[in-house]
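Data block below; observations after.
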Amino acid sequence: MTKDAVKSAGRRQSRIPILAVPLLSVALWSGGISPAAQAAEPGKDATTASLPRILVLATGGTIAGQADPRATGAYKSGQITGEQLVQSVPGLDKLAKLNAEQISSIGSQDMNDKVWFGLARRIQDAFDKNEADGVVVTHGTDTLEETAFFLDNVLRGDKPVVVVGSMRPASAASADGPGNLYEAVQVASDPRSRGRGVMAVLNDKIEGARSVTKTNTTSIETFASANGGPVGYVDTAGGIRFMAPAAGLKRTTYQLPAGEQLPRVEIVYSHANMDAVPIEDAISHGAKGIVLAGVGDGNTSKPALDALEAAAKKGIMVVRSTRVRSGFVTRNVEVDDDKNGFVVSEDLNPQKARVLAQLLIASGMTAPAELQRAFTATW
Ligand code: DGL
């Protein structure tokens with residue numbers, strides 16, 4: 001939705017005085033609840049009451065960021081609440097009945113197991129109690145792909161969950177957050193989104209949780225799926241276009257471990273002249289799993305490989321992934337995975353291979369063949 005469209009939408013719908021908030025580039029509704037929420041009360045506008053119920057869970061990030069007007073481009077993440085974000089995008093309440101809750105207010109570089117567990121439990125509870133028809137999670141973009149993948153592996157059911165962020169803060173002249181949030185609610189509200197697992201929506205694209213990754217440090221055109229492309233496109237004029245029907249979820253769902261913590265799994269980044277030190281450090285710090293961000297098809301130097309073999313012999317899960325942006329890591333090409341009891345990550349990048357390794361270790365799964373099957377996409 002263009003900025004002008006957002007403003008005109010605000011004017012068109014505004015039946016109550018709009019409170020202008022200097023740091024937001026779009027007008028906020030005053031009075032605490034949007035017209036749709038008021039209308040949804042019994043005896044009010046029936047069409048609004050029939051709108052899908054979308055739960056918005058806010059975690060922070062740039063989408064909730066605010067800049068100091070004196071600063072040159074610097075800003076602080078997680079300054080605006082989810083409720084303010086929802087109220088700051090006119091027209092949202094024509095798409096859905098929205099309820100916003102604040103899970104955290106952090107930059108996603110600080111994303112952690114406590115927030116992940118809180119998100120997963122709140123979403124599952126909302127679905128199990130039929131409180132929501134879909135969920136939108138507002139999130140920083142730095143680790144958005146990991147959160148989307150984590151949720152995709154622990155949530156049960158087929159209702160839509162959409163993770164959304166932005167590359168520019170809410171106070172930027174051309175903030176991308178309002179449009180991204182509008183599109184995220186469009187996708188979460190659409191019945192065709194069911195059965196597609198967790199999705200990420202930014203910049204008119206709908207990406208699947210398994211494949212989406214951040215590819216540019218600053219551009220709004222940053223999220224992409226290295227293997228296979230987006231699952232669909234969304235824009236405020238044309239609505240939603242999925243590239244294929246929902247495959248129906250054959251995914252395995254892993255239980256959240258009892259404590260508030262996932263097992264320690266380290267990522268070791270391979271490079272020229274690689275030695276065994278990073279792997280030995282990971283073992284000495286109690287890693288239960290090691291993911292190799294290998295060169296090429298998940299390769300590394302002989303000293304490093306010897307150290308990984310020793311780790312596997314100690315019962316540490318070893319997953320060969322790759323620093324290469326696309327393609328699949330293949331078993332037993334230059335490394336004898338069968339002999340070493342290694343797993344390959346297939347198309348999962350190191351940061352997602354780490355999340356799945358944590359869940360598998362927490363589940364107690366140890367058989368190499370079972371572990372390898374868990375890494376293989378079930379589409
Ligand atoms: N602080 C980073 C984060 O929250 C900024 C990136 C963003 O949200 O776009 O992920």
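Listed values, structure above:
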read-out	value
Out of Gly82, Gly65, Gly91, Gly61, sole residue that is within 16 Å of the ligand (Cβ to nearest atom), out of contact with any strand residue (DSSP E or B) (no Cβ under 6 Å at 6 or more places or on another chain) and not β-branched (Val, Ile, Thr)	Gly61
Residue ID - nearest to Glu346 (Cα to Cα), chosen from residues in the stretch 271-305 that are open to solvent by less than 20 Å² (accessible area, probe 1.4 Å) and within 26 Å of the chain's Cα centre (by Cα)	Gly298
Unique match (being open to solvent by 30 Å² or more (accessible area, probe 1.4 Å) and under 21 Å from Phe150 (Cα atoms)) among Arg196, Arg192	Arg196
Residue check for Gln109: more than 13 Å from the ligand (Cβ to nearest atom), part of a helix (DSSP H, G or I) and surrounded by fewer than 24 Cβ atoms within 10 Å (Cβ to Cβ)	no
Residues of the stretch 112-150 that turn out to be touching a Lys or Arg at 6+ places or on another chain (Cβ under 8 Å) and within 16 Å of the ligand (Cβ to nearest atom), as a count	6
Residues (of a type in the set (A, V, I, L, M) and either in contact (Cβ under 8 Å) with a residue 60 or more places away in the chain or more than 16 Å from Val161 (Cβ to Cβ) (or both)) located in the stretch 112-137	Leu119, Ala120, Ile123, Ala126, Ala132, Val135, Val136, Val137
Residue match in the stretch 202-218 (condition: touching a His at 6+ places or on another chain (Cβ under 9 Å), open to solvent by 40 Å² or more (accessible area, probe 1.4 Å) and in a loop (DSSP other than H, G, I, E, B))	no
Candidates Val268, Val291, filtered to the one that is in contact (Cβ under 8 Å) with a residue 40 or more places away in the chain and part of a strand (DSSP E or B)	Val291
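The values are calculated or read from the model by the stated rules, or taken from the named source; none is laboratory data. Predicted, not measured: the structure shown is a model, and the values here were computed from it. Glycine also receives a Cβ, built like all others from the backbone with ideal geometry; neighbour counts cover every protein chain displayed. Note: accessible area is taken over every heavy atom of the protein model, side chains too, but ligands, DNA and RNA are not part of it. Shrake-Rupley method; radii C 1.70, N 1.55, O 1.52, S 1.80 Å.
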